[in-house]
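Colleague: Structure in structure tokens, see below.
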């Protein structure tokens, strides 16, 4: 008697989900409506392979486990309205396509690729998403993998009328890896989406590189922000892991925290921000350690109840103002006898333990006067200001509050590093 009868084989295949045994790889010819027809007749598990040429969108993928795979110069051209590829089934893979020509209706989330809430566990990889309103929209699709895509959104609209390269809402367990984004509004806008990772992406010439709103327990690591208004805008989001990101030549803030709590921010590099390396507002119980803030207008500006944050092991190098805080409360910026490095701290270390012998205070009465009365800058070199500086040095009780680093470091804790590769296609 045979070990497996045809009936038993069928039962095993049904139980184990071995439905791909009947899957096929189908070559789709270039022509009017050929892609839509191929998708309508495809079975679960099929791979549809596109040839070089232009295929007409807009198309809808409603069959599970379909792979739509292109090769160089396989173009899916939208109609100029709606989304070019709309995915409504789970386990769909989109790979190696050029997708372009969506509509421009922001409220409809017109996109190159639009993943709906019924499109769980999609894979979108190695595509070129060009000249669309939104690049890739993840609208409730769980456990999405979006990686190695090049996204170039429309720039012929005013900044606030453009779409985001990656628009993410109500997803969990999703990964956004190594995507290359240039132009548009925000690189990735993530709202009400918890437990996701954003790693190794490159964001250039945008409003915000990463824009978090009400998104908790996420990781944002190893990303590059360059020539944007803001690098990482982390707003109303808690328990974030923000590691090893690089912000270069961003205009307003490299890192910005607004009502973000209990996050860990470590080993990030922010350089040459025109205004502030980091801005912290209404954000508490965060840990900022081993970060590198260099060449900014302000190293860290904190206000508005930014209390109970633990800040140590950071390097503040050649910022015009290392710290700006206009309140009267004293804040200790050190932990376990380890503070931060300050490039303007002319201190001594007589015992050679790597820690300065005296505490460091980045702000003084002169700073407070200038912040309150900007025209006082005209008097910076006057005898009045020199007298004020001298009096404060002689009588430390005159210090107005603010940051005190009781254990300032004598050398930067992080060696200079270039960060992620900054070239792009």
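The values are calculated or read from the model by the stated rules, or taken from the named source; none is laboratory data. The structure presented is a predicted model; accordingly, all values stated were derived computationally and were not measured. Cβ sites come from the backbone with ideal geometry, for glycine too, and all protein chains shown count toward neighbours.
Colleague: So residue 80 ticks every box in (1) in contact with a strand residue (DSSP E or B) (Cβ under 9 Å, 6 or more places away or on another chain); (2) closer than 22 Å to residue 163 by Cβ; (3) assigned to a loop (DSSP other than H, G, I, E, B) but one. Which box is left unticked?
Modeller: The failed condition is (1).
Colleague: Looking at segment 294-310, is at least one residue in a strand (DSSP E or B), in contact with a helix residue (DSSP H, G or I) (Cβ under 9 Å, 6 or more places away or on another chain) and crowded, with 16+ Cβ neighbours inside 10 Å?
Modeller: No, segment 294-310 has no match at all.
Colleague: Follow-up. Would it be correct to say that residue 165 is modelled with pLDDT of 95 or more and closer than 14 Å to residue 207 by Cα? I'd like the intermediate steps shown before the answer.
Modeller: Details: modelled with pLDDT of 95 or more: yes; closer than 14 Å to residue 207 by Cα: yes.
Yes.
Colleague: Has segment 11-19 got any residue that is modelled with pLDDT under 95 and surrounded by 14 or more Cβ atoms within 10 Å (Cβ to Cβ)? Full working, then the answer.
Modeller: Looking only at segment 11-19, we keep the residues that are modelled with pLDDT under 95, and these are 11-19.
Add one more test, that the residue is surrounded by 14 or more Cβ atoms within 10 Å (Cβ to Cβ), and what stays is 13, 19.
The answer is yes; a qualifying residue exists.
Colleague: So which residues in segment 204-232 are in a strand (DSSP E or B) and closer than 9 Å to residue 250 by Cβ, if there are any at all?
Modeller: First, pick out the residues of segment 204-232 that are in a strand (DSSP E or B): 204, 208-213, 219-221, 224-226, 230-232.
Selection gives 209, 225, 226, 230, 231.
Colleague: Is it true that residue 64 is out of contact with any strand residue (DSSP E or B) (no Cβ under 6 Å at 6 or more places or on another chain), in a loop (DSSP other than H, G, I, E, B) and at pLDDT below 95? Outline the logic, then answer.
Modeller: Working: out of contact with any strand residue (DSSP E or B) (no Cβ under 6 Å at 6 or more places or on another chain): yes; in a loop (DSSP other than H, G, I, E, B): yes; at pLDDT below 95: no.
For residue 64, the condition - out of contact with any strand residue (DSSP E or B) (no Cβ under 6 Å at 6 or more places or on another chain), in a loop (DSSP other than H, G, I, E, B) and at pLDDT below 95 - is not met.
Colleague: How many of the residues in segment 49-61 are in a strand (DSSP E or B) and surrounded by 20 or more Cβ atoms within 10 Å (Cβ to Cβ)?
Modeller: Going residue by residue through segment 49-61, those that are in a strand (DSSP E or B) are 49-50, 53-56, 59-61.
Narrowing further to those that are surrounded by 20 or more Cβ atoms within 10 Å (Cβ to Cβ): 50, 55, 59, 61.
Of the residues in that region, 4 qualify.
Colleague: If you go through segment 157-169, how many residues are assigned to a loop (DSSP other than H, G, I, E, B) and surrounded by 15 or more Cβ atoms within 10 Å (Cβ to Cβ)?
Modeller: First pass over segment 157-169, keeping only residues assigned to a loop (DSSP other than H, G, I, E, B): 157-158, 162-165.
Those left that are additionally surrounded by 15 or more Cβ atoms within 10 Å (Cβ to Cβ): 157, 162-165.
Within segment 157-169, residues that are assigned to a loop (DSSP other than H, G, I, E, B) and surrounded by 15 or more Cβ atoms within 10 Å (Cβ to Cβ) number 5.
Colleague: I'm trying to understand the selection: among the residues of segment 257-270, which are in a strand (DSSP E or B) and surrounded by fewer than 24 Cβ atoms within 10 Å (Cβ to Cβ)?
Modeller: Initially, segment 257-270 is screened for residues in a strand (DSSP E or B), giving 257-258, 264-266, 269-270.
Once the filter is applied, which keeps residues that are in a strand (DSSP E or B) and surrounded by fewer than 24 Cβ atoms within 10 Å (Cβ to Cβ), segment 257-270 yields 258, 264, 266, 269.
Colleague: Which one of 148, 186 is without any contact (Cβ under 8 Å) to a residue 60 or more places away in the chain, surrounded by fewer than 23 Cβ atoms within 10 Å (Cβ to Cβ) and under 16 Å from the mean Cα position of the chain (by Cα)?
Modeller: Going through 148, 186 in turn, the sole match is 148.
Colleague: Being surrounded by fewer than 24 Cβ atoms within 10 Å (Cβ to Cβ), out of contact with any helix residue (DSSP H, G or I) (no Cβ under 6 Å at 6 or more places or on another chain), free of Cβ contacts under 8 Å to residues at least 12 places away in the same chain and more than 26 Å from residue 259 (Cβ to Cβ) is the requirement here; does residue 154 meet it? Working first, answer last.
Modeller: Numbers: surrounded by fewer than 24 Cβ atoms within 10 Å (Cβ to Cβ): yes; out of contact with any helix residue (DSSP H, G or I) (no Cβ under 6 Å at 6 or more places or on another chain): yes; free of Cβ contacts under 8 Å to residues at least 12 places away in the same chain: no; more than 26 Å from residue 259 (Cβ to Cβ): yes.
It is false that residue 154 is surrounded by fewer than 24 Cβ atoms within 10 Å (Cβ to Cβ), out of contact with any helix residue (DSSP H, G or I) (no Cβ under 6 Å at 6 or more places or on another chain), free of Cβ contacts under 8 Å to residues at least 12 places away in the same chain and more than 26 Å from residue 259 (Cβ to Cβ).
Colleague: Scan (1) within 19 Å of residue 185 (Cβ to Cβ); (2) surrounded by fewer than 24 Cβ atoms within 10 Å (Cβ to Cβ); (3) at pLDDT 95 or above for the single condition residue 99 breaks and write down its number.
Modeller: (2)
Colleague: For segment 271-293, what are the residues that are in a loop (DSSP other than H, G, I, E, B) and either out of contact with any strand residue (DSSP E or B) (no Cβ under 9 Å at 6 or more places or on another chain) or over 16 Å from residue 246 (Cβ atoms) (or both)? It would help to see each step written out before you state the result.
Modeller: Within segment 271-293, the subset in a loop (DSSP other than H, G, I, E, B) is 272-275, 282-286, 290-291.
Selection gives 274, 275, 282, 283, 284, 285, 286.
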